[in-house]
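Reviewing the structure listed below.
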Amino acid sequence: MKVDPPPGGFEGPIKRSVTIAGHQTSISLEPIFWDALEAAAEVRSLPLNALIAAIDHARITGEDPPNLASAIRTWLLAELNRP
């Protein structure tokens, strides 16, 4: 089986600073995830920081919360698969 790279190729994570509940933190995500997250925020008419804060809030209420970057990736994939 042959697997082709995504358009633009494979890219490593990019670290960005965001503010969640008044506190700055850094998140490392691959550019494709940053693009998808920005699009999701735009569709919801939310600032990027507000969407990240909402994902973080949902994450920390879980029994065994993953790190924030993992929660964002998981949330984005679930959103893509939502009917």
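The values are calculated or read from the model by the stated rules, or taken from the named source; none is laboratory data. Computed from a prediction, not measured in an experiment: that's the story for all the values here. Don't worry about glycine lacking a Cβ; one is built from the backbone with ideal geometry, like all the others, and counts go over all protein chains shown. Calculation scope for accessible area: heavy atoms of the full protein, side chains included, ligands and nucleic acids excluded. Shrake-Rupley method; radii C 1.70, N 1.55, O 1.52, S 1.80 Å.
Accessible surface of the chain, 1.4 Å probe: 57 percent of it comes from carbon and sulfur atoms. Let a ≥ b ≥ c be the square roots of the eigenvalues of the Cα gyration tensor of the chain; is it rounded (a/c under 1.5), or, if not, prolate (a/b larger than b/c) or oblate? Here the chain falls in the prolate category.
Ranked from largest to smallest solvent-accessible area, with a 1.4 Å probe on the protein heavy atoms, Ser70, Ser45, Ser17 come out as Ser45, Ser17, Ser70. For Arg82, the accessible area of its heavy atoms, probed at 1.4 Å with every protein chain present, is near 150 square angstrom. Computed from Cα atoms, the angle from the helix 48-60 axis to the main principal axis of the chain rounds to 80 degrees. Using a Förster distance of 25 angstrom, determine the FRET efficiency expected from the C-beta separation of Glu42 and Lys15, and round it to 0.05. Plugging the Cβ-Cβ distance into 1/(1 + (r/R0)^6) gives 0.70. Accessible surface calculations at 1.4 Å, restricted to protein heavy atoms, place the stretch 3-71 at 65 Å² per residue. Among the GluC sites (Glu not before Pro) in the stretch 1-62, those placed in a DSSP loop whose Cβ has at most 14 other Cβ atoms within 10 Å are Glu11.
Here the dipole of the chain is about 40 debye; that uses its Cα centre as origin and unit charges on the Cβ of Lys and Arg (positive) and Asp and Glu (negative).
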